[in-house]
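See structure below.
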Amino acid sequence: MASPRVRRWALTLSAYDYNIQYKKGKDNSNADALSRLPLPDLPRRVHTPEKLNLVIGMLNSSQVVSDDAIRRETRREPILSQVLQWVRWGWPGKDPGGVYGPYYIRRYEISLKDGCLLWGSRVIIPEGSRGAVLGLLHDTHIGITRMKALGRSYVWWPGIDKDIEGTVKACQECDKHQNAPELAELHPWEWPSVPLSRIHVDHAGPFMGKLFLIVVDSHSKWMEVKLVSSTSTNVAIDALTSIFATDGLPVTLVSDNGTAFTSEEFGKYCEKSGIKHIRSAPRHPSTNGLAERAVQTFKSCMKKMEESLPWSVRLNRFLFKYRNTPQSTTQQTPSQLLMNREIRTPLSMIPGDLTTRILRKQEAQCKAHDGRVKTRYYIEGDQVYTHFGGPKFEWVPGTIQSATGPLSYIIKLVDGRVVKRHVDHIRSRHTTVIPRPNDDEVVPEPLLNEPPPCFPVEIPPHSPAPRVSVPRVSAPGVTNSSEPSVQVPEMTAPANITATLTPRRSGRIRHPPDRLEYYQ
């Protein structure tokens, strides 16, 4: 393998057509002279082009920043004019600090070319031309990362990265067509302490040529499946009434925004029955996740059964197995939790502290979900963007009116409409940007101090520590009134203890060598 230098030579010469001829070293006088003979006269000044054109432009753009404009602005601006003098006549021996700090730390890399300051190969733009340069960089809305990469190839000034970020955040077109924000943190429903106090409902179908209404109890996970003829409000009310005739009226009913549940007739039915109706945020089915998961489980099990069986037989078998199967969250069967008695079934019941297990499951779900999301909260009057989805996806500006839940808000749009949106469909809206050109100031880190010397310390007598009662910490939303407190034993510090620093050097006894003494 040839050395890297030989490979670089070969790569450079690969562009030429040549023949290699060997010549002895004593006969190769041309190369020897080129490498050893000194030049007779050194020019006092290296030839440079007469004019350096520093033109920054974009295709089909009317804004152009020329070298003449930069030269004039550089002489006119107080900060750059002072830097220009330092480049010509020498920099001060001490950092002047303040607005000159970013230039001083780059003093060995700043040069002058035809009245324009350069940092390396990048032009230092005066403050008066920075807005035009930012407009050129943001001409096609290429985003923050690409704008920074493009700007680093041509221009520089203190705080250019923050100015680029502010320009993009204040651009309304970029805000309207930006991607959706990160998912919000998981907010589990409170687990009710009694059965059938909160139920979740949803339609399944058309499935197997039929429509089904699925009702799930959030306490016991008990599932009811009713065959319905349509998704109309009257049919849904009749199916729910037949279920309530057996199980009683719930306290809360959670549904999506289907037409059967958003009608005025269904609202009056819930109000008359004393039921609090909660609808999930539009286009956010995970709010009603218990019913959505029940629909998925129902369809999956029904498909896997023998197709020769009638649908009614398959439905009864599914409900029997589901109601007598321990759930992953509660570790108990829906039958046991709902009816509080053992059902004759070959499956065993798993006892234990149910509330603790559910809280642990919910905490594990929140931890797994919230590790990759960012918490966002809004208050009344915040300027935000929201979207309606669909094929024409764009962000619509609005203002937060109120919060309807931990993750849902009422938003008033600019056209006067008032909508309800989940936090996953909301983004913050930035209205103004204030450039801060001097944000790159370097603040030196404090020097580390030497540790103080250690001396013997007299510890005064200490009174006995009082007994401290530390309550047991429980999960949020659970009150452990019957939990006993943990008593911390009393500890008394001994009096008149002197702490002395022990030397760390060697303590062995040294003797001088016995040279020639054995021969005396």
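Positive contributions from Lys and Arg (+1) and negative ones from Asp and Glu (-1), summed over other residues with Cβ under 11 Å from the Cβ of Thr375, come out at -1.
Other residues whose C-beta falls under 12 angstrom from the C-beta of Glu363 contribute a net charge of +3, scoring Lys and Arg +1 and Asp and Glu -1.
For Lys221, no residue 5 or more places off, or on another chain, has a built amide H under 5 Å of its own. If we count every other residue with Cβ under 12 angstrom of Met305's Cβ, Lys/Arg +1 and Asp/Glu -1, where does the sum land? Value of the local net charge: +4.
Listed highest first by mean packing, meaning other Cβ atoms within 10 Å per residue, what order do 150-161, 193-204 come in?
Working: 150-161: 18.4, 193-204: 20.0.
So the peptides 150-161, 193-204, ranked by packing, come out 193-204, 150-161.
Give the separation of the Cα centroids, segment 216-269 to segment 374-411, in Å. Segment 216-269 and segment 374-411 have Cα centres spaced 29 Å from each other. Per-peptide packing, taken as the mean over residues of other Cβ atoms within 10 Å, places 374-382, 184-192 in the sequence 184-192, 374-382 from highest down. Indicate the gyration tensor shape class of segment 67-169 (rounded, prolate or oblate), computed on the Cα atoms with a ≥ b ≥ c the square roots of the eigenvalues: a/c under 1.5 is rounded; otherwise a/b larger than b/c is prolate and the rest oblate. Here segment 67-169 falls in the prolate category. Beta bridges from DSSP with both residues in segment 67-169: antiparallel share about 75 percent, rounded to the nearest 5. Set the bar at 19 Å for Cα to Cα. Now go through Lys221/Lys321; Lys226/Lys303; Lys148/Lys169; Lys169/Lys420; Lys210/Lys303 and name every pair that lies beyond it. Correct reply: Lys169/Lys420. Computed from the alpha carbon atoms alone, the convex hull of segment 373-438 holds 137 Å³ per residue.
In this structure, the amide hydrogen of Thr333, modeled 1.01 Å from its nitrogen in the peptide plane, lies closer than 5 angstrom to those of Gln327, Ile350, counting only residues at least 5 positions away or on a different chain. Computed extension length for Ser402-Trp119: 96.8 nm, one decimal, from 0.36 nm per residue of separation with the Cα-Cα distance subtracted.
Taken together, the values in this text are just the output of simple stated rules run on the coordinates, not laboratory data. Treat the numbers as computed from the prediction; the structure is a model and nothing was measured. Virtual Cβ from ideal backbone geometry, glycine too; neighbours counted across all protein chains shown.
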